[in-house]
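A.B. asks: Have a look at the structure that comes next, please.
Rule-based calculations on the coordinates, nothing more; no lab input. Bear in mind the structure is a predicted one, so any value in this text is a computation, not a measurement. Counting neighbours? That spans all protein chains shown, and the Cβs are built from the backbone with ideal geometry, glycine included.
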Amino acid sequence: MADTVQGLLLQHAERDTPGLKYGDRTWSWREVVAGAAARAHVLRALADAAKPLHVGVLLPNSPEMALAISAGAIGGHITVGINATRRGAALAADIRRADCAVLLTDAAHLPLLDGLDLGDAIVVDTDAASWQEQVAAAPTRTDGFPVVTTMDTFMLIFTSGTSGEPKAVQVANLMVVMAGTVLVDKYGLGPDDVAYCSMPLFHSNAIMAGFAVSAASGAALALAEFSARSFLDDIRRYGATYLNYVGKPLAYVLATPARPDDADNPLRFAFGNEASDRDIREFAARFGCSVWDGFGSTESAIIITRTEETPAGSIGVPFDGVAVYDRVTRQECPRAVYDADGRVANLDEAVGELVNTQGAGFFAGYYNDERATAERLDGGMYWSGDLAYRDADGFVFLAGRTDDWLRVDGENLAAAPIEQLLLRHDAISQAAVYAVADERVGDQVMCALVLREDAALTPSELAEFLAAQPDLSPKGWPRHVRIAAALPSTATNKVLKRELRAQGLATDDRLWSRGERDRIYSEERACTTSS
């Protein structure tokens, strides 16, 4: 097996099996490698040969995006994934921070760049006839490019920005090759398979669990923009046997009405991050496939994987060196102790930050951001910003991000366990728990809920459900409940709680509240989502 992405792709250069699918079109691997090489030649000619070549890609999940990423691998230059949901000065800052010499975009995204300071970046519209003509006239040979080594940077990928400004992670070839190889070996994937990728290719999940799987196995990469309603049609049309996801896509799909023939499809495996236990179980049963949910960040310094023994609510077993530490004392937190009702009795002590005690792991630092890198590697350990605790057997349970602590009546609460508890209700598709200011001191618990399509929930039904959960802390009862059609989220389906916190009670959504000492929510009108 090759040890660089360049090597992985070159192994398929003479293969005539499908390498890329989009809509009704299919490209062979021979065409993919040739098209990527042609683009690499054109990009080399455009840029200043005396400077490192960074090529930004502001594109949707399209053949041009996949070929641009492949061009970076074959041509030995660095591709920069530009978040297509960023706007204005923030978008320009990302492009400048990554030192993009060339920015590839399309006609749909080109207007986003009007009036922006992009530094010295050369903007190329890949829909323009001039670009197509240049590519068509370029050589397709794969020799003459720099030889890439294992630890060379393959891409700059920005973090999702759920808890602050996105930072550009330097993603080494090794990380991509290893991720793809592990998944290919686990599932036994090969050239006859089709890897369906509807997650945005500017993000690490799509690269590590989609693009890399295709490159490592020779499976065709089938591209789409995620849609819960067209998901199953895409799987059947492409003949997809594997898919990757991140965030809430399984919940979005499961929120649509089930059909008797849902399991009549070619999908065998789904791999991703951040799905709930319930969604993993229901997705596997409904679509007749295996679902494996892991935990890892763009930086790849914290890796946790589920085993067959993983208890409900846990994200699995951490790799060596991964632990839960108190940021103040710099000591490992004690393991969780449970009371008779299944609640963590020592939450204050047990919850800490997930760290890699052995250092950076595979994290090579943030590009052009020494301060953020130093903060992440404080004291020689990698601090993830994710709160968690471990049980006596070492299994990890997430408690949210470092800003997900709530202080209610002098008691610390973690958001993630309450969210998992809310998802036990069949009507609830998504749940976000966050703090709003108490009128006196500390916080009150607020939650935003999205219901499944055609599902109904009343205030009294929610109160009855919460009362029946023995492991819900009395302090964890939401004071305010917001029934939303959708939650604010990143392009990678991660909820932006900072927006929910900022909005507080100022919302046009249905809002239920209870008294300070009672468990009765106001407003008895049923709330039903529209289909």
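A.B. asks: Whole number please: convex hull volume per residue of the Cα set in the range 147-215, in Å³?
C.D. replies: 98 Å³
A.B. asks: Nearest 10 degrees, 0 to 90: what angle lies between the long axis of helix 29-46 and the longest principal axis of the chain (Cα atoms)?
C.D. replies: Tilt of helix 29-46: around 80 degrees.
A.B. asks: Now for a separate question. When the Cα atoms of the range 405-528 are enclosed in a convex hull and the volume is divided per residue, what value in Å³ results?
C.D. replies: 107 Å³
A.B. asks: Calculate for the chain the 222 nm mean residue ellipticity that helices alone would give, adding -39,500 (n - 2.57) per DSSP H run of length 4 or more and normalising by residue count, nearest 500 deg cm²/dmol.
C.D. replies: That calculation yields -7500 deg cm²/dmol at 222 nm.
A.B. asks: Assuming 0.36 nm per residue, please report the length gained on full extension of the stretch residue 467 to residue 225 beyond their Cα-Cα distance.
C.D. replies: 83.1 nm
A.B. asks: Continuing with this model, one more query. Any idea how far apart residue 499 and residue 147 come out in nm if each label point goes 7 Å out from Cα toward Cβ?
C.D. replies: Each label point lies 7 Å from its Cα, and together they span 4.8 nm.
A.B. asks: Any idea which of 362, 312, 283 is furthest toward the positive side of the dipole for the range 229-371, if Lys and Arg beta-carbons carry +1 and Asp and Glu beta-carbons -1?
C.D. replies: 283
A.B. asks: Give a residue-ordered list of calculated ³J(HN,Hα) values for the range 243-251 (Karplus: 6.51 cos²θ - 1.76 cosθ + 1.60, θ = phi - 60°; whole Hz; x for Gly, Pro).
C.D. replies: 9, 10, 8, 8, x, 9, x, 4, 5
A.B. asks: Then there is this: Quick check: residue separation of residue 509 and residue 127 times 0.36 nm, minus the Cα distance between them. What number comes out in nm?
C.D. replies: 133.5 nm
A.B. asks: Binning at 20 Å from 0, report for the chain what percent of all alpha-carbon pair distances ends up in each bin.
C.D. replies: Per 20 Å bin, starting at 0, the Cα pair percentages come out as 21, 54, 23, 2.
A.B. asks: Related question: Name the long-range amide H neighbours of residue 510: under 5 Å, sequence gap of 5 or more, or other chain; modelled H, no Pro or chain starts.
C.D. replies: Residues meeting the amide H criterion: 483.
A.B. asks: On alpha-carbon atoms, Rg over Rh for the range 1-91 using Kirkwood Rh?
C.D. replies: A ratio of 1.01.
A.B. asks: Here is a further query. Tell me the relative contact order for the chain as a rounded percent, counting alpha carbon contacts under 8 Å between residues six or more apart.
C.D. replies: For the chain, the relative contact order is 11 percent.
A.B. asks: If you don't mind, there's one more thing I want to ask. Round to the nearest 10 and give me the degree value, 0 to 90, for the angle of helix 173-187's Cα axis relative to the longest principal axis of the chain.
C.D. replies: Roughly 70 degrees between the two axes.
A.B. asks: Turning to a different aspect of this structure: Between the helical axis of 63-75 and the dominant principal axis of the chain, each derived from Cα atoms, what acute angle in degrees is found, rounded to the nearest 10?
C.D. replies: 60 degrees
A.B. asks: Using just the Cα positions, wrap the range 309-401 in a convex hull and report its mean projected area in square nanometres, one decimal place.
C.D. replies: Mean projected area for the range 309-401: 6.6 nm², to one decimal.
A.B. asks: Explain nothing, just the number: relative contact order of the range 5-294, from Cα pairs under 8 Å at least 6 residues apart, as a whole percent.
C.D. replies: Reported as a whole number, the value is 16 percent.
A.B. asks: Kindly state, to the nearest 0.05, the FRET efficiency for residue 340 paired with residue 412, given R0 = 25 Å and r defined as their beta-carbon distance.
C.D. replies: For residue 340 and residue 412, the calculated efficiency is 0.75.
A.B. asks: If you don't mind, there's one more thing I want to ask. In debye, nearest 20, what is the charge dipole magnitude of the range 5-294 about its Cα centre with +1 on Lys and Arg Cβ and -1 on Asp and Glu Cβ, if you could check?
C.D. replies: For this selection, approximately 300 debye.
A.B. asks: Quote the convex hull volume per residue of the range 5-294, based on C-alpha atoms, as a whole number of Å³.
C.D. replies: Normalising the Cα hull of the range 5-294 by residue number yields 128 Å³.
A.B. asks: Could you give each residue of the range 135-145 its phi-based ³J(HN,Hα) in whole Hz, using Karplus coefficients 6.51, -1.76, 1.60 with θ = phi - 60°, and x for Gly or Pro?
C.D. replies: With the stated coefficients, the range 135-145 comes to 5, 4, 8, 7, x, 10, 5, 9, 8, x, 8 Hz.
A.B. asks: Using the 10 angstrom Cβ neighbour count as an exposure proxy, how do 438, 279 rank, fewest first?
C.D. replies: 438, 279
A.B. asks: Also, quick follow-up: Which residue, chosen from 56, 425, 128, occupies the Cα position most advanced towards the positive end of the dipole of the chain, where the dipole is computed from +1 (Lys, Arg) and -1 (Asp, Glu) charges on Cβ about the Cα centre?
C.D. replies: 128
A.B. asks: Name the long-range amide H neighbours of residue 106: under 5 Å, sequence gap of 5 or more, or other chain; modelled H, no Pro or chain starts.
C.D. replies: 126
A.B. asks: Add +1 for every Lys or Arg and -1 for every Asp or Glu among the other residues with Cβ under 15 Å from the Cβ of residue 208, and state the total.
C.D. replies: Local charge sum for residue 208: -3.
A.B. asks: Setting aside same-chain residues fewer than 8 positions from residue 494, which lysines have a Cα under 29 Å from its Cα?
C.D. replies: Partners found: 21, 167, 186, 248, 475.
A.B. asks: A further question follows. Taking H placed 1.01 Å from N in the peptide plane, check which residues at least 5 places from residue 386 or on another chain put their amide H under 5 Å from its amide H.
C.D. replies: 354
A.B. asks: Applying the Karplus parametrisation 6.51 cos²θ - 1.76 cosθ + 1.60 with θ = phi - 60° to the phi angles of the range 474-483, what ³J(HN,Hα) value in whole Hz is obtained for each residue in order, glycine and proline being reported as x?
C.D. replies: Those phi angles translate into x, 6, x, 4, x, 7, 10, 10, 9, 9 Hz.
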